[in-house]
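After the structure tokens below, expect a handful of questions from me.
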């Protein structure tokens, strides 16, 4: 039995942040009903990354698997009354509209709590519910840009570099899940629901706490390395280097010790660990030249037995072919109604040693509306 079996979640959210939280609850056993606009649905259905399946984007299929789809026009009185009946039976509600939208529809936290005081209400915004940015679009790239995150990536000579992922969306969804689960625990003890609020900006700032706290407490502004930058505050050798046939990642470690292992005498003069920061690019320049003289595997065969932190740099295909990845059983197959197979990741959480998987694919728009109406006497 999965830990959240028996719980009902209403997912009003769109795109990535809210749906990712609802997905995680579904993976852990909750029944998730995705409430969508008739004829249109979640905007993510049309957000293609170049691959579409069965009429919807692959991204939509990935982040909305394990859910049911219920269509309702929230501006129509009869549809809204139906939704209110579902709210009365729900354990969790998730939304990520701009501040005030759910309130105008009559589905704000105060309103639904009158119907269901034990409801846990999860809300995602871009920048909070007050202040001059509350109406600003809560979009991942914009939040990365505002948060300062883009000045931590890339080399010093490069412009601000965003992550190649919707990192703010996914982190915010994870944080919302944490808050919802905490409120569900409280409800089991005290019998009350609660409002969980998470914003993209707060989430991405918390993600940076390691380096942002350094800055808040008198540390310097982040300074990216000119060469093979991987962390704005860490010294040499931290970074990824080209070898004779590929790449090698080097984490934290003694520079002189690295010199001994690599047979690079030029690194012996950096005995003072402070120089690993103050002369970071100078040290990295030496490594850039030296590491190109041998293959990645040759370097690994020297460094790994010495417990010097390092790694090969894999492509996804290399990763998929490796026994270390295969042992995780992280990829699962979902069969779509048209018979197509979709490969995607499973829930990364294990409970009691068990992997949480589900073969339930993302729903077609409104496909469960009649069934849900029947089940809830709507």
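Bear in mind that the values in this text are calculations on the coordinates, not laboratory data. Everything quoted here is computed from the prediction, not taken from an experiment. When we count neighbours, we look across all protein chains shown, and the Cβ atoms used for this are built from the backbone with ideal geometry, even at glycine.
If one computes P(r) from the Cα atoms of the chain, what percent of pairs lie at distances over 29 Å? Please list the in-between numbers first.
Details: 37996 of 71253 pairs.
Cα-Cα pairs of the chain separated by over 29 Å account for 53 percent.
To the nearest 10 degrees, how steep is helix 77-89 against the longest Cα principal axis of the chain, on a 0 to 90 scale?
70 degrees
Give the distance, in whole Å, between the Cα centre of the range 59-122 and the Cα centre of the range 215-291.
So the two Cα centres are separated by 51 Å.
Measure nothing fancy, just the Cα-based angle from helix 167-190's long axis to the longest principal axis of the chain, in degrees from 0 to 90, nearest 10.
50 degrees
Averaging sequence separations of C-alpha pairs under 8 Å and six or more residues apart, then dividing by the length of the range 158-302, give the relative contact order as a whole percent.
Relative contact order, the range 158-302: 18 percent.
Given the DSSP H assignment, sum -39500 (n - 2.57) over each helix run of at least 4 residues in the chain and divide by its residue total; what's the result at 222 nm in deg cm²/dmol, nearest 500? Numbers along the way, then the final one.
Working: 16 runs with 138 residues, N = 378.
After summing the helix terms and dividing by the residues of the chain, the value is -10000 deg cm²/dmol.
May I pose another question? How would you rank 282-293, 100-111, 11-22, highest first, on the average number of other Cβ atoms within 10 Å across their residues? Mind showing how you got there, number by number?
Numbers: 282-293: 17.7, 100-111: 15.3, 11-22: 25.9.
My ranking of the peptides, most packed first, is 11-22, 282-293, 100-111.
So for the range 1-122, considering every pair of alpha-carbon atoms, how many percent are separated by more than 19 Å? Display every interim value, and only then the final one.
Values: 3409 of 7381 pairs.
Cα-Cα pairs in the range 1-122 separated by more than 19 Å: 46 percent.
If we sort 182-194, 60-72 on the protection proxy, mean other Cβ atoms within 10 Å, highest first, what's the order?
Numbers: 182-194: 14.0, 60-72: 23.1.
Per-residue mean Cβ counts within 10 Å order the peptides as 60-72, 182-194.
Kirkwood hydrodynamic radius of the range 1-42 from all distinct Cα pairs, in Å? Write down the numbers at each step before the final one.
On the way: mean 1/r = 0.0940 Å⁻¹.
About 10.6 Å, per the Kirkwood formula over Cα pairs.
Using a 10 Å cut-off on Cβ atoms, rank the peptides 253-261, 89-97 from the highest mean neighbour count down. Mind dumping the intermediate values first?
On the way: 253-261: 18.1, 89-97: 23.1.
Packing order, densest peptide first, comes out as 89-97, 253-261.
May I ask for the angle, rounded to the nearest 10°, between helix 17-27 and the longest principal axis of the chain, with both axes built from Cα atoms and the value confined to 0 to 90°?
80 degrees
Pull up the DSSP beta bridges for the chain and report the antiparallel fraction as a percent, rounded to 5.
Details: 16 of 37 bridges.
Here the antiparallel bridges make up roughly 45 percent for the chain.
How long is the range 239-321 along each principal axis, judged by its Cα atoms, biggest number first, in Å?
Its Cα atoms span 42, 22, 21 Å along the three principal axes.
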